[in-house]
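Let me begin by presenting the structure, written as structure tokens, before commenting on it.
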Amino acid sequence: LNLTNIVICSGLLSHISNVTSGYQKALWVTHESVTGGTGPTSDTGWGCMLRCGQMILGEALVCRHLGRDWRWAKGQKQREEYISLLNAFIDKKDSYYSIHQIAQMGVGEGKPIGQWYGPNTVAQVLKKLAVFDTWSKVVVHVAMDNTVVIEEIKRLCMPWLDAAGAYGESEGVGELNGCLEGACAMAEEETALWRPLVLLIPLRLGLSDINDAYIDTLKQCFMLPQSLGVIGGKPNSAHYFIGYVGEELIYLDPHTTQPAVEPSEDSQVPDETYHCQHPPCRMHICELDPSIAAGFFCRTEDEFDDWCMRIRRVCLSLSVTLIFVYYNLIKASLCFWNIAKIIVLVL
């Protein structure tokens, strides 16, 4: 892989010399075959977008529990958090984000088991499953209609705000004085100052093909330090895109069928199949299907505020075309740009 002018989303890479360790860090979740049971014995042919959803969420949980600077090394003794993370994705019915859980939850989204998913459907399913993940305690927010509403996200990630407001109104308390008095009756996990955010933004960047006007903006998304990458691909063939070089996208491909992983007796998880040990694949950006979902992870409120600031800079750059709408407040003044697609920048 030529390292010249390569850009890997920042969660996976901190320095250009770490390209190999960067993409090996990412969870590479592929099709698996299983024995026993009465349902499908493999997700080959229909589960590639589900696997990509596992990969982009897996990267968020790596940042959540292991940190952005964590790197995977073959044969290295596994940390307890890493084992717990892998167990969340192992193909067992009781794993938080197993193929079983995703497929079953997808039924509620109108997708029978065995039917191919689009980026938006898998994003909606991950949002629902995250509610039951009492270990990670992340907020998965899916920004619909190309719209990110900051106030809505902050209330989701800081639920004590609503409780504190309601308490203050009923008891006549005007200020919290730097503490959580108004949220005293809430559960401990609900009074955290900020619940880590996984922001997924489904996008349509053209009709049958990606519109050239959005290519530079898409590249900008990979350069944000909060980036988790993009899920999408070609029609009925999904990939997890982690960066680009020139006009080519770099991606991890789930289209490899491997035996299902079983934890060993000492609770260690055979993890070599969960990390891509060969150079990642590449495809020209113009081959990308226009239906994608971009992902971002904000561990703290400061990281989210930084993301908003960087998006604002992208919005103010006349050299790129916006691909989603950015709302600062619900009651905001609107400024319309580029009538080729309705582009809204809120000042």
Report ³J(HN,Hα) in whole Hz for each residue of the range 148-156, in order, from the Karplus equation J = 6.51 cos²θ - 1.76 cosθ + 1.60 where θ = phi - 60°; Gly and Pro get x. 10, 9, 5, 4, 5, 5, 5, 6, 6
Assigning unit charges at the beta carbon (Lys, Arg +1; Asp, Glu -1) and nothing else, what dipole magnitude in debye, to the nearest 20, does the range 201-250 show about its Cα centre? 200
Given R₀ = 25 Å, FRET efficiency for GLU81-GLU262 by Cβ-Cβ distance, to 0.05? 0.80
Amide proton proximity set for LEU228, modelled H, under 5 Å, gap of 5+: GLY295, PHE296, PHE297
Could you tell me the convex hull volume per residue, in Å³, taken over the Cα atoms of the range 192-313? 144
Amide proton proximity set for TRP28, modelled H, under 5 Å, gap of 5+: HIS275, CYS276
Hey, with R₀ at 56 Å, roughly what FRET efficiency would ARG155 and HIS275 work out to, going by the Cβ-Cβ distance, to 0.05? 0.95
With θ taken as phi - 60° and the coefficients 6.51, -1.76 and 1.60, list the Karplus ³J(HN,Hα) couplings across the range 59-69 in order, rounded to whole Hz; mark glycine and proline as x. 5, 5, 6, 4, 5, 5, 9, 10, x, 5, 8
Please list, ordered by chain and number, the residues whose modelled amide H lies under 5 Å from the amide H of GLY243; skip anything fewer than 5 residues away on the same chain. CYS9, ILE250
So what are the ³J(HN,Hα) numbers for the range 108-119, from phi and the Karplus equation (6.51, -1.76, 1.60; θ = phi - 60°), rounded to whole Hz, Gly and Pro as x? x, 9, x, 10, x, 4, x, 9, 6, 9, x, x
If each residue of separation counts as 0.36 nm, what is the full-extension length gain between ASP94 and ASP69 once their alpha-carbon separation is subtracted? 6.0 nm
Ranking ASP289, ASP216, ASP302 from most to least accessible area with a 1.4 Å probe gives ASP302, ASP216, ASP289
Cα→Cβ-extended label distance, 7 Å offset, between CYS286 and LYS219, nm: 1.5
What pairs in LYS77/LYS234; LYS93/LYS219; LYS127/LYS219 have C-alpha atoms more than 32 Å from each other? LYS77/LYS234; LYS93/LYS219
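The values are calculated or read from the model by the stated rules, or taken from the named source; none is laboratory data. Computed from a predicted model, the values in this text were never measured in an experiment. With ideal geometry, Cβ positions are generated from the backbone for all residues, glycine too; neighbour counts draw on all protein chains shown. These accessible areas exclude ligands, DNA and RNA; they are computed on the full protein's heavy atoms, side chains included. Shrake-Rupley method; radii C 1.70, N 1.55, O 1.52, S 1.80 Å.
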